[in-house]
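Attaching a single structure in structure tokens format; questions to follow.
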Amino acid sequence: MDPTVKRETTSIKIDPTVWKEAKKDAIDRDVDLSQLVEIALKTWLEDEDPKRVKNELKEKE
């Protein structure tokens with residue numbers, strides 16, 4: 001993570017089981033949970049097809 005980039009504190013609602021698994025994974029990878037979430041989001045944003053994701057989200061509504 002780039003230390004020169006400003007970070008914001010945020011709040012999200014997430015399945016507690018998923019959150020617990022993420023915390024364990026962060027420990028295993030020797031990163032903090034914020035780093036793990038940021039890496040995951042950046043990877044997802046870079047790799048996913050935005051049109052497909054948008055359609056999937058609409059289907060869930």
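Computed from the coordinates by the stated procedures, all read-outs in this text should not be read as laboratory data. The structure presented is a predicted model; accordingly, all values stated were derived computationally and were not measured. Using ideal geometry, Cβ is built from the backbone for each residue, glycine included, and neighbour counts are taken over all protein chains shown.
Hey, with R₀ at 30 Å, roughly what FRET efficiency would Asp15 and Thr43 work out to, going by the Cβ-Cβ distance, to 0.05? The partial results should precede the final answer.
Working: r = 20 Å, r/R0 = 0.65.
The computed FRET efficiency comes out at 0.95.
Still on this model: Could you line up Val31, Val18 from fewest to most neighbouring Cβ atoms inside 10 Å? It would help to have the intermediate numbers written out before the result.
Numbers: Val31 15, Val18 9.
Least crowded to most crowded, the residues run Val18, Val31.
Would you mind ranking Ser11, Ser34 so that the residue whose beta carbon has the fewest other beta carbons within 10 Å leads the list? Could the numbers behind the result be given before it?
Details: Ser11 4, Ser34 13.
Fewest-to-most Cβ neighbours within 10 Å comes out as Ser11, Ser34.
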